[in-house]
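The values are calculated or read from the model by the stated rules, or taken from the named source; none is laboratory data. Fair warning: this is a prediction, and the values are worked out from it, not measured in the lab. SASA here: full protein model, heavy atoms, side chains in, ligands and nucleic acids out. Shrake-Rupley method; radii C 1.70, N 1.55, O 1.52, S 1.80 Å.
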Amino acid sequence: MDMTRQQLVKFALAQGFCDIGFAGAHDMIQVKDLRQPRELLGGAACIVVLFAAYRPAGHVPPGHMALSAYYAASHTSYHAARAVAGYMKRHGAQALHTTAINAKEAAVRTCGFLGDNGFFYHPSHGSFVCIQTVLTNAFEPLEYKQGEAHCLHCGACAAACPSNAVGNIQNCLRYHMNGTVPEVLRGDVYQLLGCEKCQAACPLNSGMQSKPVCFVLEDILAGAATARLRELGGPNMARRGRLISQGVLYAAATGQKRLLSQLKRLAENEAEPIRTHALWAIDKLSGEHK
Ligand code: SF4
Ligand code: SF4
């Protein structure tokens, strides 16, 4: 192998990552399959943990809806991590970019901590970081020295959560992206694909925001924004039905009565969960739900 750890770090930084850690792969808990990391790649002992910082979307104009900044950053960092794995292989190392590793667990083996809101906190960048993992036999893990930063247990995240989901994760909006959102949570959908309110409220985050990537609600409901959203968020996340479904809920939550006829067409012509969401939105905009 003709690559030093420093060369890898330099390459990864050039791909847009803000920090790189080297975690031990031993006893790693698998989320998506039950294989141990070593079985993913021979005798791999190390997980290269790649951090990419982002900022949540700022103010969105009326009649528009923003894409969660996390999903755009996550899609970009996914491809950057594949480039890192390719670089390692070109230099004679075994390397596997994989999403089968519990990224948060790998991350806390290199730095930071988990907050009460369940998110990983990087010591310099807070919780607004995407985490990618590359399994390799090229390096030994670096010893992790526990830092002083920790969750303040202040409760600000729980107070900011619209669905009482901090410590009660089945209520989290992010777990209802694919199907019918429980009625009690429908009014809380405020951006496409994700929710970041419990992170935005945390005093350990900087409060800085990014320019929102937003779309006109008519275009979201008509499916005209789907192609661009797939480019930004990736085809696995930015699915047509999911986007329209969330747009419908946000149209109702923000009182977009001008969209009633479009919502009625969706209720008549679309499958679940769009249909149920559209019927709910029509009721809400017609004054039957307060
Ligand atoms: S808001 Fe407070 S309790 Fe929640 S993660 Fe941040 S520091 Fe911890
Ligand atoms: S992501 Fe949103 S819904 Fe989920 S715990 Fe955080 S604030 Fe609550």
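With contributions of -39500 (n - 2.57) from each DSSP H run of at least four residues, the per-residue ellipticity at 222 nm computed over the chain stands at -10000 deg cm²/dmol. Angle of helix 240-253 to the longest C-alpha principal axis of the chain, folded into 0 to 90 degrees and rounded to 10: 50°.
Dividing the radius of gyration of the alpha carbons in the range 122-238 by their Kirkwood radius gives 1.02 for Rg/Rh. Measure nothing but the geometry: give the 0 to 90° angle between the long axis through the Cα atoms of 260-269 and the longest principal axis through the Cα atoms of the chain, rounded to 10°. Compared with the principal axis, the helix lies near 70 degrees.
Here the chain exposes an accessible surface that is 52 percent carbon and sulfur, computed with a 1.4 Å probe and the other protein chains kept in place. The range 230-274 and the range 93-140 have Cα centres lying 33 Å from one another.
Excluding same-chain neighbours fewer than eight residues apart, the aspartates and glutamates reachable from Lys211 by a Cα-Cα span under 16 Å are Glu196. The angle separating the long axis of helix 274-285 from the principal Cα axis of greatest extent in the chain is about 50 degrees. Ordered from highest to lowest accessible area with the whole protein assembly present and a 1.4 Å probe, Lys89, Lys145, Lys211 read as Lys211, Lys145, Lys89.
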